[in-house]
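The values are calculated or read from the model by the stated rules, or taken from the named source; none is laboratory data. These numbers were taken from a predicted model, which means no experiment stands behind them. Every residue, glycine among them, receives a Cβ derived from its backbone with ideal geometry; neighbour counts consider all protein chains shown. Ligands, DNA and RNA are stripped out before the accessible areas are found, and what is left, the full protein with its side chains, is counted by its heavy atoms. Shrake-Rupley method; radii C 1.70, N 1.55, O 1.52, S 1.80 Å.
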Amino acid sequence: MQAYLDWFPGDRVIQGARNGLANQLLDVYERSHSETWQWFEKSLSYSNARLSQALLLAGWQSGNERMVAVGCESLKWLVAQQHRGDGDIFVPIGSRGFFAEGGEKARFDQQPVEACATISACLLAYRLTSEQQWLEEAWCAFRWFLGENDLQVPLYDATTGGCRDGLHPDRVNENQGAESTLSFLMSLLEMQSVATVEELNQEMSVSI
């Protein structure tokens, strides 16, 4: 809806629909989160960062400061859950069990769509707040594609230009599906919006 409104900003029907849905999402967060579980649901599952991103985007465009604050708060909590103990490696919530409140976090299978969503949300938070931590989190998630991950194996395939489908406990999934490849390409385009050519070339050279 916001992409549509970027071209047709005067459409009050779509504005109202966007704001209505964003308010519902905000209400869900207000009712679901706690001091130790700052999230919209009682579990982390799939493409998680898109929820925080939705509030950030809607709050920014509608001038709702509470939405922006909750978007940042929930995203900060999420990225903290997506780090290894040493703090330097991006570890998305695994799809082999996900992560329910009070339960054990699934380490594998790690999916490219999670890195893509995290990059988009963190770069939006960076643009809205100018806080360097968000840019650093985006780079951390992007490097996951290039080999800075639990297996130290790149998912981006420089030979084909595609992206492998994820990380299993003992190996990378060699299939290069559309979702994974598009997730990498979208992430690359987003990083190009904040990085110099030299920075990107240096990062990409890791996996070539």
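From (1) assigned to a loop (DSSP other than H, G, I, E, B); (2) more than 16 Å from Gln82 (Cβ to Cβ); (3) over 18 Å from the mean Cα position of the chain (by Cα), pick out the condition that doesn't hold for Glu104.
The number of the failed condition is (2).
Across the stretch 150-208, which residue is nearest to Trp134 (Cα to Cα) among those that are assigned to a loop (DSSP other than H, G, I, E, B), at pLDDT below 95 and among the aliphatic types (A, V, I, L, M)?
Looking at the filtered set, the residue picked out is Val194.
Taking the stretch 81-102, which residues are free of Cβ contacts under 8 Å to residues at least 12 places away in the same chain and either touching a Gly at 6+ places or on another chain (Cβ under 9 Å) or crowded, with 21+ Cβ neighbours inside 10 Å (or both)?
Selection gives Gly97 alone.
Return only the number of the condition from (1) out of contact with any His (no Cβ under 7 Å at 6 or more places or on another chain); (2) open to solvent by 10 Å² or more (accessible area, probe 1.4 Å); (3) over 20 Å from Ser52 (Cα atoms) that Asp109 does not satisfy.
Single failed check for Asp109: (1).
If the Cβ limit is 9 Å and pairs must be 6+ apart or interchain, which residue in the stretch 1-18 that is under 13 Å from Ser62 (Cα atoms) and open to solvent by less than 40 Å² (accessible area, probe 1.4 Å) pairs with which residue that is of a type in the set (D, E, K, R) and modelled with pLDDT of 95 or more?
Gln2/Arg18; Leu5/Asp11; Leu5/Arg18
Taking the criterion of being of a type in the set (Asp, Glu) and free of Cβ contacts under 8 Å to residues at least 12 places away in the same chain, would at least one residue in the stretch 39-52 satisfy it?
No.
All but one of (1) surrounded by 15 or more Cβ atoms within 10 Å (Cβ to Cβ); (2) closer than 19 Å to Gly85 by Cα hold for Gln152, so report the exception by its number.
(1)
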